[in-house]
Each structure stands twice: as structure tokens, then as C-alpha cells.
Amino acid sequence: MKKSYPELIRRLHEIHDLRSAAALLEWDEQVCMPPKGNGARAKQTALLATLAHERQADPGLGECLDGCSRDPKLSASQKALVREARRDYDKAVKIPGDLVHEISETSVKAHAVWVEARKKSSFRLFAPLLSRLVSLKKEEAEALGYPEGGVPYDALLDQFEPGATVRELDPVFKRTRDITIAAIRSIAESRRKPDVRILRRRYSPERQEKLGRLILDYMHYDLTAGRLDRSVHPFTTGIDVQDVRITTRYEERWLPGGLFGTIHEAGHALYEQALPLAHSGTPLAEALSMGFHESQSRLWENQIGRSFAFWKFLFPRLRRLFTDTMAGVGLDDFYLAINAVRPSLIRVEADEVTYNLHIIVRYELEQALFARAIPVKDLPALWNSKMKEYLGVVPRNDAEGVLQDIHWSSAGFGYFPTYLLGNLYAAQWMATLRRDFPDLDRRLARGDLQTVKKWLNDKIHRHGRRYPASELCRRVSGETLNPEYFGKYLRAKYGPLYGVSWS
Ligand code: ZN
């Protein structure tokens, strides 16, 4: 009994329940906790994290996994579940407890210092703690191990994108860089200039929320298994398959923030709501990777949410909600404005064409840091020169340059690349979806988003972590990740929109 499959499931459920309780506390912290609740909350979440880690690294779980891997009666999905549970267990036991503790303590400090450093725009303030985090994460990478002939950074990538390696990503990223730079050059030559001022008129937050809820309804986001709230930083949290919450924020003078933010988070949420319910509480009912997750949010936000077909349907509804604000604005102008392409300094404000270059800058720097090829103190200068080379813009200070993102302060090295992978996967899914539904644009123009949702549910969501990323990618699209789909997508959309063409 002790080493049996039911015992494994019991243990996994316990770990899951501790983590979902922590996720709920985190949601509460961001959405409704009064400021003075902070101290108590920090203790509660730390306790839950410790309890979950203890169970995740419990030798009893290891024995249970050994027992299950010798069990000939397990079905294919049960075997996949054991494989993924083994993966999580191995990771948990490989990293020494002291190191886990030190990384978490150092990142709490680093985060506070980063907030201060960004405010003062002083990288020098942040550099010592960043150096410390880099060396701790190097230790972690060595403890975790990486494929033969690989590099320590692979171990960090693997935590967010299982199986990803520098050797595999390098050519994909280089090709994406060339595709993107060619697109930006052509678009810059266009005589058509979007008027984004129409997006900066007065859009009341109440009506923005109404619009957001309308779109959630079209997307078939299940509000009986979810919620929409407001928070400073929008996020999605999957507390359970049947409790997946999203948040957003509205700016009165910037319509795209709340609008596309809501669609983006709902894209994540549709994934979480359609994970295999039968395996809820186990690793099999988790999203496959951060890149796959981001492919969902990006597909909805950009490929659907910024498409002409969808706005043909939604535009009259938008005008009805904002009659005065939208006076004199036509669909074509609006469509061009929400697809304005302009190299800029801040990643989170970047358009879908230039966005990947922001990621490539970070990917190249992270890789160099972990290959010991560059010292931490050189980061600001290197950042600025890469921005100039790829995007043609140079930050005036560290706050709008190397200090802009939270990720490094929380030791999230290896996370950035998943954003780019998400964009590429999204283009690949969309090309496949269009093959399956040649009349897709007509469907979107009728407000039929159900077709897209059901297709994603069936092709991606319901599998959870059953297949490795490269295999699921092949099952969905017939081939492994291929950046050419993204290039084709840019040419097909932005060529006609800006009246330019490139190869
Ligand atoms: Zn996202």
C-alpha cells in the first residue's frame, strides 16, 4: 500500500492543496488585503512554502515513485503522471535545503533594493545583490545538472521551459531577430502613421470593465469557475482547475492597457480552466511550460484580439459603450492605432513586432552572465548597446534600461525566453488553426470565438503535462517549433496594414 499508485496520488494532492492555499493567499494579498496585513501574511506564505517543499522532497514520495515505476498495470496517462511527478521530486531533492533558503532570503532583500534602485535609477545600488543572486543560481544550476555538452544556464531554462537548451534556442532566437528587424525596417518606411491619440482619450474605467466582461463572455471564460478583479499588476492564478482567477487594471487615458491586458490574462485562464479535471491536484493537470502558457495569452491578445476580423465584430459595440469618446473614429483608424509599431524602451509597453527584440537582449545577457563571460557591473553598458543595435533606441538612465523588470530581483533567470517562445508558438498554432478552419476570419467577424477556444482546449489544454513540449508541438502542428510561422504572420498582417512588403 505504502508504495502504491493511490498513495502517490494522496501525497501529490497534499502538495497541491498546500500550494493552492498559498496561491489563494497571494491572490488575496494582491487584490484585497489591507496594507497592515503584510507581516502576518509573510509568515503564513513562508510556512506553507516550507510545508509544501518538505512534502515535495520527502523520501517517502521517492519510494512511492519507485514502486509505481515498477507497476506494470498502470495506464499510459498514469505512467505520464508518474514521469512528471518524478521530475518534480528529482528537482526538489537535488537542490540542498540551505541553498533554497538562501536564494529565497536573498531575493526578498534583492527585491526591496531593486525597488529602491529603480526609483533612484541607480544600478550600482542593485549590483551587489544581483551578483550574489547570480552566483547562488549558478550553484543551483550545478546542483540540478544539465545535459551533456550543455551549459549551466540550461538548468535554469529547464525550470520554466522543460527540455529547453541554449543549443536549441540559439538558432531560433537568431532567426527571430532577423525576421523582426526586417519587419521593423519595412514598417518604418511606410507613409501610414497610426494616430494613437485616439486611444488616449477619456475611457471611463467602469465602461472599460463592461467591455472586458463582454469579451470574457465571447471567449467563454467560465465565471462560475473564475473571477475578474483589479490589481496593480495584472495576473492569472490557477488555484484549482475549477477556480481560475484573473485580474486587470484600467487607465482612464490608455484604452489598450485594460482591454488587451484582460484578453491576455483570459487567454492564460482558458488554459488553466481546461486542464484535465480527472487529474486535478497532480502534475498532469498543470500547464506544460511557461512558453506554452504565454502562447495562449499572446494568441488571444494579439492574433485574435488585435485582428481586423475580430474588430469588425467588436467595433460597433465599442462605439456604443464610448459614444462621445469614439466620435469621429473609424474602424480602419482604430485598427491601425492598436497595431502601431514603434521601437521603444520598455518591454511591457512594446508592440507585438518589436517585443521579441526586448527578450533577445535579455536572453543574450543572461546567457553571458551564466557563462561567466561578463561581470554584473558591465550589464548597464551592454544593455544599452544591445538596445541601440537591435531597436535603435538608447535608455537615458538605468530605470528605463537594465532596471526595468522585476525578474532578476526575484532570481527568475531563464524566464524571459519563454515570452518569445510564446509568441512563436502562438503564430504556429494560429497557422494550424487557419488550416483547420479556412473560414476562421468569417467566424471571428461574427463574434464566434468558441471555435478558437474549443480548438485550443482539444489540441493543447486537455493534455496538461502529458507530452513533452516538442512532442505536443508536433501533435498540434505537424512539426517542431518553427520561427518561420511568426515571420509569415508578420508579413501577412503588417504588410497590407502599412502598405509595405519585405521577404
Ligand atoms: Zn502572460
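The values are calculated or read from the model by the stated rules, or taken from the named source; none is laboratory data. This one's a predicted model, so the numbers in the text were calculated from it and none came from an experiment. Here Cβ is always computed from backbone atoms with ideal geometry, including for glycine, and neighbour counts include all displayed protein chains. Just the protein is used for accessible areas: all its heavy atoms, side chains included, with ligands, DNA and RNA removed. Shrake-Rupley method; radii C 1.70, N 1.55, O 1.52, S 1.80 Å.
For segment 294-301, indicate whether the set of residues that are away from the ligand (no atom under 14 Å from the Cβ), of a type outside the set (S, T, N, Q), on the phi < 0 side of the Ramachandran plot and in contact with a helix residue (DSSP H, G or I) (Cβ under 7 Å, 6 or more places away or on another chain) is non-empty. Even if it seems obvious, please write down each step before you answer.
Going residue by residue through segment 294-301, those that are away from the ligand (no atom under 14 Å from the Cβ) are none.
Checked segment 294-301: no residue is away from the ligand (no atom under 14 Å from the Cβ), of a type outside the set (S, T, N, Q), on the phi < 0 side of the Ramachandran plot and in contact with a helix residue (DSSP H, G or I) (Cβ under 7 Å, 6 or more places away or on another chain).
List the number of the failed condition for ALA340; all other conditions in (1) away from the ligand (no atom under 13 Å from the Cβ); (2) assigned to a helix (DSSP H, G or I); (3) within 30 Å of ALA183 (Cα to Cα) hold.
Single failed check for ALA340: (2).
Listed residues ALA411, ALA368; which is under 25 Å from ALA112 (Cβ atoms) and open to solvent by less than 60 Å² (accessible area, probe 1.4 Å)?
Details: ALA368 fails: under 25 Å from ALA112 (Cβ atoms).
Result of the check over ALA411, ALA368: ALA411.
Could you count how many residues in segment 170-208 are within 23 Å of the chain's Cα centre (by Cα) and open to solvent by less than 10 Å² (accessible area, probe 1.4 Å)?
3
Would segment 477-495 turn up any residue that is part of a helix (DSSP H, G or I) and under 22 Å from TYR221 (Cβ atoms)?
Of the residues in segment 477-495, the ones part of a helix (DSSP H, G or I) are 477, 484-495.
Of the ones still in play, those that are also under 22 Å from TYR221 (Cβ atoms) are none.
No.
Does VAL452 satisfy being touching a residue at least 60 places away in the same chain (Cβ under 8 Å), more than 16 Å from the ligand (Cβ to nearest atom) and of a type in the set (A, V, I, L, M, F, W, C)? Steps first, please.
Values: touching a residue at least 60 places away in the same chain (Cβ under 8 Å): yes; more than 16 Å from the ligand (Cβ to nearest atom): yes; of a type in the set (A, V, I, L, M, F, W, C): yes.
For VAL452, the condition - touching a residue at least 60 places away in the same chain (Cβ under 8 Å), more than 16 Å from the ligand (Cβ to nearest atom) and of a type in the set (A, V, I, L, M, F, W, C) - is met.
Inspect segment 199-209 for any residue being touching a residue at least 12 places away in the same chain (Cβ under 8 Å) and within 16 Å of the ligand (Cβ to nearest atom) and give the result as yes or no.
Our first condition is that a residue be touching a residue at least 12 places away in the same chain (Cβ under 8 Å); within segment 199-209, this holds for 199-205, 207-209.
From the residues that got through so far, the ones that are within 16 Å of the ligand (Cβ to nearest atom) too are none.
Checked segment 199-209: no residue is touching a residue at least 12 places away in the same chain (Cβ under 8 Å) and within 16 Å of the ligand (Cβ to nearest atom).
Report those helices (runs of 4 or more DSSP H) wholly inside segment 398-466 carrying at least 2 residues which are under 24 Å from TYR153 (Cβ atoms).
Working: elements: 417-436, 440-445, 450-459.
Output list reads 417-436.
Just checking: which of the strands (runs of 3 or more DSSP E) contained wholly in segment 219-287 hold 1 or more residues that are more than 18 Å from GLU301 (Cβ to Cβ), open to solvent by less than 20 Å² (accessible area, probe 1.4 Å) and not small (Gly, Ala, Ser)? Lay out the reasoning, then the answer.
Values: elements: 226-230, 236-240, 243-248.
Those strands (runs of 3 or more DSSP E) span 236-240.
Quick one: VAL329 ticks every box in (1) assigned by TED's automatic domain parsing to the domain that holds SER186; (2) in a helix (DSSP H, G or I) bar one, so which box is it?
If we test VAL329 against (1) assigned by TED's automatic domain parsing to the domain that holds SER186; (2) in a helix (DSSP H, G or I), just (2) comes out false.
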